[in-house]
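Please read the structure below before turning to the comments.
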Amino acid sequence: MDGDDSKETPGHRALQDEAVAWLVRRDSGEWTQAAQARLDAWLATSTAHRVAFLRVEAGWEGAARLKALGAGHSPGSVPPLGAWGQSPFFEPSPRSSGSIQTRAVERIPRRPWFAMAAAVVLALGAAAYFHRGEPGDRYNTPIGGVAVVPLQDGSNITLSTRTEVRVELNAKERRIELDRGEAFFQVAKDPTRPFVVRAGDKRIVAVGTQFSVRRTGDDVRVVVTEGTVRFETVALTAGSVARAREQDLLVQREPLPVAEQILSWRQGYLTFHDTPLGEALSEFNRYNAHQVNAADPQTAAIQISGMFRPTHYEAFVRLVQDGYGLKARTSADTTVLSRE
Amino acid sequence: MADSNESLDTWFKREIVAHEGALERYLLRAWPNPHDVLDLRQDIYVRVYEAAAKARPYAPKSFLFTTARHLLADRLRRKRIVSIDAVGDPDALNVLVEDLSPEHRTAAHQELRHLAEALDALPPQCRNAVWLRRVDEIPQKEVARLLGVTPKRVEKHLRKGILRLTAALFGSQDPRAVPRLETQHEEHDEGEDGHGRG
């Protein structure tokens, strides 16, 4: 800046360096009350100090989003450069001139599901992601993972967090076992071979359509976004949300956009509309090892709306703290939210 | 910072810093000298924070850009050298807030991509330190042991990494701005590397 402005700020660069030095020292594991007092004093010196500090603190907190890329890899090892070039989080972008993309494209073979597997296996070291063998091919995702698996018949399966499916395509039938989690199916039309999804003892049959099946223990939820599927004996059309528990089946008819929103995890979001907090938290908990819970039924009943990144639960916790004046008590692997 | 500032601080990070990219793009359009942008941004943050400490604005983003406009106007009045002709784009001073950043609502995966690119652009040891500390949440001392460097060195890596990732996360993605600012970063960072404190 020109001279006449210089007394307003000591210069962005110098301040930023000081702020980040404080942040890193606070994070060093050797932080004392005396050190905190010195930091407080520094922050209190001027608002310029405080905003510079908040900015880098927000950046470092936001960088936790990188955890989405680390899901499933073994702690203590660093994935190679560009290992996430084909991650499902990155849709191809015309503007991405980044070196990541170039490198990844060179390395990744043509078949996209294999690209995904390759990227994940690189990150995992040796752990398996895709097993070929009986009965059928097995695919799974770690906590926080989302992956698209194209099948030979032209269908696609999108796996949500912590999901496991087995796929068997034969001349009579296309057969998928959902062993755990949630998957969205885009079924290629083939009247000669029905597409059958089994979730526990429930069967969902489609010919050419789009729908998702989620399994939580023995509970099964089916959401149809295109065409018709048969859930056990009931025909479900687009916009249907069906929930089955033991022998009971509840079918709700929703406008299509609402049904689509339930499946917004495919785009990397959770979408809530006047959803009870307890329900929203159990959605988050499917995506994170860290579990967030409501302390009591009143807290769990608070209704929330919005779009959130499922692996970014810290941000969600901060938002509900601010928005509803909730208190959060956090330990190593759980956070409990309460009113006061 | 368990004082009453905590919620203001949280608010500031979420409602103000989050718009940093849009703010920088606005400043680049509205102010003739791109070298001033980071300092202007800092001064705008100060004004917004101090105003919000008295009364939290109802519409934070509009308030941020109104504050920016007033600050630029003040600067223009004080610096008589700068004629109004020198202003990069006078219309930009009156542009609607929502028009500034149609792309601001970047999808999560785009933010993640910016972060991943910034991560991969870090020097190897710096990248390792950032990953182990941020993603794996391994304590700094243990990171130092894993990488076979001193804790001081890890601090240095993290300082650099945090600044880069912060810029990637919030910063202007304007191609006119980035190379210039990056160059400054480089000079600065390399200088520090040369006289490493580690």
Next on the checklist: Checking the cross-link filter: which lysines have an alpha carbon closer than 27 Å to that of A:LYS172, excluding same-chain neighbours under 8 positions apart?
Outcome noted: A:LYS189, A:LYS202
Checklist entry - Which ³J(HN,Hα) values, rounded to whole Hz and listed in residue order, are derived for region A:149-163 from phi using the Karplus coefficients 6.51, -1.76 and 1.60 in 6.51 cos²θ - 1.76 cosθ + 1.60 with θ = phi - 60°, glycine and proline given as x? => result 10, x, 9, 4, 7, x, 6, 10, 10, 9, 8, 7, 4, 6, 10
Next on the checklist: Strictly greater than 17 Å: what percent of every Cα pair in region A:269-339 meets that?
Outcome noted: 31 percent
Item to check | Alpha-carbon radius of gyration plus Dmax, which is the widest Cα pair, for region A:154-260 in Å | outcome: 12.6, 36
Next on the checklist: Through the Karplus equation 6.51 cos²θ - 1.76 cosθ + 1.60, θ set to phi - 60°, convert the phi angles of region A:265-271 into ³J(HN,Hα) values in whole Hz; use x for Gly and Pro.
Outcome noted: 4, 5, 8, x, 10, 9, 10
Next on the checklist: Just want to confirm a number: the relative contact order over region A:173-229, from Cα pairs under 8 angstrom separated by 6+ residues, in percent.
Outcome noted: 34 percent
Checklist entry - Under 5 Å between amide H atoms, partner at least 5 residues away or on a different chain: which partners does A:ARG175 have, H built in plane at 1.01 Å? => result A:GLU168, A:LEU169, A:ASN170, A:VAL196
Checklist entry - Given H placed on each backbone N at 1.01 Å, which residues far from A:VAL149 in sequence or on other chains put an amide H within less than 5 Å of it? => result A:ILE157, A:THR158, A:LEU159
Checklist entry - What list of ³J(HN,Hα) values in whole Hz, one per residue of region A:293-299 in order, does the Karplus curve 6.51 cos²θ - 1.76 cosθ + 1.60 (θ = phi - 60°) give from phi, with Gly and Pro shown as x? => result 10, 8, 6, 8, x, 4, 5
Item to check | Candidate lysines for bridging to B:LYS13, where Cα separation is under 27 Å - those fewer than 8 sequence places away on the same chain excluded | outcome: A:LYS7, A:LYS67, A:LYS327, B:LYS54, B:LYS61, B:LYS156, B:LYS160
Checklist entry - Over region B:1-70, what is the mean sequence separation of C-alpha contacts under 8 Å (at least six apart), divided by residue count, expressed as relative contact order in percent? => result 36 percent
Next on the checklist: How high is the relative contact order of region A:246-340? Use alpha-carbon pairs under 8 Å, at least six apart in sequence, and give a whole percent.
Outcome noted: 27 percent
Next on the checklist: Two decimals, Cα atoms only, Kirkwood Rh: what is Rg/Rh over region A:178-316?
Outcome noted: 0.99
Item to check | Summed side-chain charge close to B:GLU15 - residues other than B:GLU15 whose Cβ falls under 14 Å, Lys, Arg +1, Asp, Glu -1 | outcome: +3
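Values in this text are rule-based calculations from the coordinates and carry no lab data. Note that the structure is a prediction, hence the values are computed from the model and not measured. Cβ atoms come from the backbone with ideal geometry, glycine included; neighbour counts cover every protein chain shown.
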